[in-house]
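Remarks on the structure that follows.
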Amino acid sequence: MAGQRRPGTWGGAVWEQQLEKRGSKRRRKAVARVAALHAKGRRQRRDGAYKAALTLVGDYGVIVHEALQVPNMTRRAAPRSDGAGG
């Protein structure tokens with residue numbers, strides 16, 4: 001089975017979609033299969049995030065989220081006009 005894609009997998013669905021003629025009924029079905037796989041992956045990621053958050057809340061009770069400006073934290077200080085430098 002070298003080089004072939006299995007039809008029930010993610011790569012197989014995209015591959016089948018690429019083979020179909022645009023505007024055909026088979027293409028629409030293939031697009032629907034790819035969309036269903038996208039939705040499944042999205043649900044799985046969201047479920048994992050919910051479960052991780054629930055575990056953290058159960059362990060700590062309160063979670064605080066801070067929006068850090070990381071680029072501002074990694075740059076060097078701006079040079080001063082008096083020549084003192086940074």
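The values are calculated or read from the model by the stated rules, or taken from the named source; none is laboratory data. Being a predicted model, the structure only gives us computed values, none of them experimental. Cβ: placed from backbone, ideal geometry, glycine included. Neighbour counts: every protein chain shown.
Observations
- Hey, K21 basic (K, R) and assigned to a loop (DSSP other than H, G, I, E, B) or not: yes
- Among the residues making up segment 31-80, a single one is in contact with a helix residue (DSSP H, G or I) (Cβ under 9 Å, 6 or more places away or on another chain) and more than 30 Å from V14 (Cβ to Cβ): I63.
- Of all residues in segment 27-86, those satisfying the criterion of being farther than 30 Å from Q17 by Cα and of a type in the set (D, E, K, R) are K51, D59, E66, R75, R76, R80, D82.
- First in segment 53-76 and surrounded by 10 or more Cβ atoms within 10 Å (Cβ to Cβ), second anywhere and not in a loop (DSSP other than H, G, I, E, B), Cβ under 6 Å, 6 or more apart: none
- Among (1) of a type in the set (S, T, N, Q); (2) modelled with pLDDT of 85 or more; (3) outside any helix (DSSP H, G or I) - the single one Q4 does not satisfy: (2)
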